[in-house]
Every structure is written in structure tokens, then in C-alpha cells.
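Participant: Could you have a look at this structure, given as C-alpha cells, before my questions?
The values are calculated or read from the model by the stated rules, or taken from the named source; none is laboratory data. Nothing here was measured: the structure is a model prediction, and the numbers come from that model. Neighbour counts run over all protein chains shown; Cβ positions are idealised from the backbone, glycine included. All accessible areas refer to the heavy atoms of the entire protein, side chains included, with ligands and DNA or RNA removed. Shrake-Rupley method; radii C 1.70, N 1.55, O 1.52, S 1.80 Å.
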Amino acid sequence: MFADLHLHTHFSDGTFSPEELVNHASRAGLSTIALTDHDTVEGCDRTARACGEKGIGFIPGTELTGEFENHEIHLLGYYLDTTHVGLLSEILKFQKVRQTRIVEMVSRLNRLGIPLQTEVVFKLANCQSPGRPHVARALVQEGFCSSLDEAFDRFLKQSRPGWVPKFRISAFEAVDLIHRAGGLAVLAHPGLNRSDDAIPVLKGAGLDGLECFHTKHSPSASEHYAGLARKYDLLITGGSDCHGMSKGKPLIGTVKLPMEYVRLMNDRQNTTRISSFNPG
Ligand code: AMP
Ligand code: ZN
Ligand code: FE
Ligand code: FE
């Protein structure tokens, strides 16, 4: 009985549709999944429906980009009210920023002598929340790079010539937004962002959990973060961060979060919902 709580679809930079994602979840034998597309909750309804048909538990979520002391960190929101007006109006702004950033990235590439067209990236992305992976795929599709790795290494990684910083709300604002939309806020893949210093500070601001298990966490990193989660009384979560096929196989289900952790998340969600319920 396992869960995978970090997944993307083609509503952001994943390649699976919600239905394809759920079919893979079913084949992997998962009991519960969460959808955490970047800056959108558009895929949640369809994923929930597909999960319902397969008897798989579903948690609606998103992955927001925040800033802590000049570093980019990612915050996962779980159990979100996907109709929450405040959440929807904020993520609409993040999506506009992403769309403008694509235009900026392409014009940088053009100045470098790469005649990539913006329309090609938008057509390929075909979503409200485009990102660097779409630019990378377009560079490969148009023959300007031979692989996604090459596209990131030459152009798109931080401080490479095609890189454009993304406007970020503060990590505190991101935690607050997730809470206002009824969700639990979890710091994503802390091992990737070297964000240990942020953990106690964000806990003080209401952070609920830590993504201890992640594809790019070594066993010792996972153990380290599970230790910090216990130290700071944070929920332990985990997920594969599947964006589609990876080396010929779907990544979904390769990080297996034991269901006891999902039950603890459910418990926390139920108690905070009740204690923060304000009839006014
Ligand atoms: P963005 O939100 O537009 O900055 O893009 C971030 C996304 O790009 C991440 O969620 C990853 O899916 C992907 N990504 C970041 N760095 C790399 C890399 N070096 N190689 C491949 N994909 C990457
Ligand atoms: Zn992504
Ligand atoms: Fe992330
Ligand atoms: Fe992710």
C-alpha cells in the first residue's frame, strides 16, 4: 500500500494526460496519488475522475515556486480547494509570468543565433503553465539540440545564456496561499535546493511537511530529511516528480510513500480544517 504524491501532467510540463497518468498509477499498484502540476490545478478534476474509476485515492494539489533568501524553493500544496477564488487568481498571475518568460527565453536564444520561434514553443506546450522543459523539447524538435540534457546544459540551466529568472513570491506568501485555499503546505525536494536553513523558519510560518522521499534524494538524504521532519514535527511526504517517461519507463510509482504517512496527512488536514473553521 503505497502513494506517489508528486506528479505532473500536460497541464504543466509533464507529458501524460490525467487519464494516462492514472493508468500508469494503476499498473504501478499505487493506492493514492496527488497531482502537483506547476502553478495550475486544471488537471485535478479529470485526474480525480480517473482515480475514482480505478479505486485509487486522490489528493488535489499544485507545486508553487517561492523565494527564500534569494534561493528558489518549491512548495507543494495538498488537499486544495481547486475552486478557491484567491488561489485561482494568484496562479493566473504565475501563469502569465511563465508565458512572458517563454517569450524572453526565446528572444535570448534568437540573440544567440538560434532561430527558434515562440509559436513553436507555445504550440508544443499547449498549456497555461509553460516552462523550461517545453523550450528544451522545442529545441530538440527543431533540431537545434540533440537532447533535452543538451538543451538544459547549453542554454536553460541557471546562469546559462538562455536562462531567465522566474518571478517568485516569497516562500511565506506561498505557504499562506496554500493555507487560504484549505491545503497543507509541504517543502518539495529540500535536497535539491539546499534549503535546510529554510525548514525551521518556514515551520515557524506554518509549514506542514517535508518531502523526504524524492527521485533525486539519495537514501542518506531521505533519512536526513526524515530526521529533520521528526525534529520539527513536520509531516513526511514523498513522490517521484514524474514528468512522463524516463529512460523508457514511467517514473510514477518509483518513489513509494507508505500509506501510514498519507493517513497522518489526512489526520492533520482534518484537524486543521475543523480548528480553523470560521463560520463568519
Ligand atoms: P521552470 O519551472 O520553467 O523553471 O522549469 C523547471 C522544471 O524544469 C523542473 O520542474 C524540471 O522538470 C525541469 N528541469 C530543471 N532542470 C532540469 C535539467 N537540468 N534537466 C532536465 N529538466 C530540468
Ligand atoms: Zn516540472
Ligand atoms: Fe520542483
Ligand atoms: Fe515537480
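Participant: Students often get this wrong, so check it: of Lys123/Lys216; Lys96/Lys231; Lys54/Lys96, which have C-alpha atoms separated by over 32 Å? All intermediate terms of the calculation are to be shown ahead of the outcome.
Facilitator: Working: Lys123/Lys216 30 Å; Lys96/Lys231 38 Å; Lys54/Lys96 35 Å.
Flagged as over cut-off: Lys96/Lys231; Lys54/Lys96.
Participant: Moving on to the next point. Could you order the peptides 10-18, 178-186 from most to least packed, using the average number of other C-beta atoms within 10 Å per residue?
Facilitator: My ranking of the peptides, most packed first, is 178-186, 10-18.
Participant: In degrees between 0 and 90, to the nearest 10, how far off the longest principal axis of the chain does helix 259-275 point, with axes built from Cα atoms?
Facilitator: On a 0 to 90 degree scale, this one is about 70.
Participant: What's the percent breakdown of Cα-Cα distances in the chain across 10 Å bins, shortest bin first?
Facilitator: All Cα pairs considered, the percentages come to 7, 29, 36, 22, 5, 1.
Participant: Then there's this: Quick check: Cα centre of region 156-227 to Cα centre of region 32-111, how many Å?
Facilitator: 14 Å
Participant: Let me know the charge dipole size of the chain about its Cα centre in debye, to the nearest 20, where only the beta-carbon of Lys, Arg (+1) and Asp, Glu (-1) is charged.
Facilitator: 380 debye
Participant: Please give the net charge around Gly52, taking every other residue with its beta carbon less than 13 angstrom from that of Gly52, where Lys and Arg add +1 and Asp and Glu add -1.
Facilitator: Local net charge: 0.
Participant: Only Lys, Arg, Asp and Glu count, each charged at its Cβ (+1, +1, -1, -1), so figure out the dipole size of region 91-156 about its Cα centre, rounded to 20 debye.
Facilitator: Numbers: 10 positive and 6 negative charges, 74 e Å.
It works out to roughly 360 debye.
Participant: Right, another one. Helix-only mean residue ellipticity at 222 nm, the chain, DSSP H runs n ≥ 4 weighted -39,500 (n - 2.57), per residue, nearest 500. What is it?
Facilitator: Result for the chain, helices only: -13000 deg cm²/dmol.
Participant: Can you give me the relative contact order of region 91-156 as a percent, contacts being Cα pairs under 8 Å and 6 or more apart? Intermediate results must be reported in sequence, preceding the final value.
Facilitator: Values: 51 pairs, mean separation 19.4, N = 66.
Relative contact order of region 91-156: 29 percent.
Participant: Would you mind working out the accessible area per residue for region 228-275, using a 1.4 Å probe, and quoting it in Å²?
Facilitator: Numbers: 2700 Å² over 48 residues.
Accessible area per residue, region 228-275: 56 Å².
Participant: Moving on. For the chain, calculate the relative contact order in percent as a whole number, restricting contacts to Cα pairs under 8 Å that are 6 or more residues apart. It would help to have the intermediate numbers written out before the result.
Facilitator: Working: 531 pairs, mean separation 63.4, N = 280.
Taking the mean separation of contacting Cα pairs over the length of the chain, I get 23 percent.
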